[in-house]
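Only the coordinates and a few stated rules stand behind these numbers; no lab work does. Quantities reported herein were computed from a predicted structural model and do not represent experimental measurements. Cβ placement follows ideal geometry from the backbone for every residue including glycine, while neighbour counts extend to all protein chains displayed.
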Ligand SMILES: Nc1nc2c(ncn2[C@@H]2O[C@H](COP(=O)(O)OP(=O)(O)OP(=O)(O)O)[C@@H](O)[C@H]2O)c(=O)[nH]1
Ligand SMILES: [Mg+2]
């Protein structure tokens with residue numbers, strides 16, 4: 001998806017302090033220049049691994065204008081877990097249901113509009129290898145990035161015990177790290 005969006009004109013380096021490769025690319029859409037950062041592939045942001053930590057830290061502290069969660073259409077159940085975790089950090093999300101060519105081959109039908117309604121963010125069907133849906137993704141990124149569209153992502157209500165713990169912790173985190181989009 002990164003390559004489809006940027007035409008592969010990426011610049012690579014390392015994540016600060018880490019030896020994990022960091023790829024950056026650019027593209028122009030409707031006269032605006034977009035800078036894209038490819039985060040390490042991960043199924044979770046609970047920072048159990050370096051990759052997860054890098055992805056979480058970038059979304060939380062890098063405050064991107066938009067985060068694109070690229071999911072595998074043939075394994076949505078497993079992949080949407082990551083989308084829900086990203087929603088906990090930022091509402092500025094676009095979900096790509098990628099590998100749609102594979103899904104079609106397997107006879108899977110995915111109701112993209114319903115998924116978008118349920119998740120509360122733009123959802124775009126894509127097949128990145130064929131550049132299918134590329135412009136739709138760029139358009140969704142533009143809308144979310146420029147806040148033309150107020151996203152209201154789905155979040156599951158926290159169980160009572162967790163909510164109580166959050167009520168205690170959140171003010172402490174806010175005072176330690178002021179300005180976080182979602183402490
Ligand atoms: N058929 C098909 N293959 C795809 C599509 N998108 C990506 N691929 C292929 O899937 C493989 C994995 O793609 P990557 O872009 O490396 O996936 P990733 O999630 O970034 O992987 P990591 O960052 O290594 O975790 C590559 O061989 C891609 O060419 C698609 O829409 N359709
Ligand atoms: Mg990757």
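Some notes on this structure:
- The chain: calculated mean residue ellipticity at 222 nm from DSSP helix runs of at least 4, using -39500 (n - 2.57): -11500 deg cm²/dmol
- Taking the alpha carbon gyration tensor of region 79-183, multiplying each eigenvalue by 5 and rooting it gives semi-axes of 32, 17, 11 Å, largest first.
- Most mobile of 121, 70, 170 in a GNM of the chain (Cα contacts under 10 Å): 170
- Nearest-ten-degree value, helix 160-176 long axis tilted from longest Cα axis of the chain: 90 degrees
- Put in order of Cβ neighbour count within 10 Å, fewest first, the listed residues 141, 54, 162, 173 become 162, 173, 54, 141.
- Extent along principal axes [Cα atoms of region 26-75; Å; largest to smallest]: 40, 31, 13
- For the chain, built as a Gaussian network whose Cα springs stay under 10 Å, the top-fluctuating residue of 143, 168, 53: 168
- Per-residue Cβ neighbour counts within 10 Å put 38, 167, 57 in the sequence 167, 57, 38, beginning with the fewest.
- Full extension of the chain between residue 3 and residue 135 yields a length gain of 46.2 nm, computed as 0.36 nm times the residue separation minus the alpha carbon distance.
- Per residue, the average separation of C-alpha pairs within less than 8 Å and at least 6 apart gives region 2-157 a relative contact order of 18 percent.
- Between the helical axis of 76-87 and the longest alpha-carbon principal axis of the chain there is an angle of about 50 degrees.
- Beta bridges assigned by DSSP with both partners in region 2-157 are antiparallel in approximately 55 percent of cases.
- Shape category assigned to region 71-115 from the gyration tensor of Cα positions, a/c cut at 1.5: prolate
- Placing pseudo-labels 7 Å out from each Cα toward the beta carbon at residue 116 and residue 152 gives an inter-label distance of 1.7 nm.
- Cβ-based exposure ranking for 90, 28, in which fewest neighbours within 10 Å come first: 28, 90
- GNM flexibility winner over the chain from 122, 157, 171 (Cα, springs under 10 Å): 157
- In nm, spacing of pseudo-spin labels at residue 162 and residue 46 (7 Å Cα→C-beta vector): 1.1 nm
- Highest-first arrangement of 111-120, 78-87, where packing means the average Cβ count within 10 Å: 78-87, 111-120
- Over the chain - Rg/Rh using Cα atoms and the Kirkwood inverse-distance radius: 0.97
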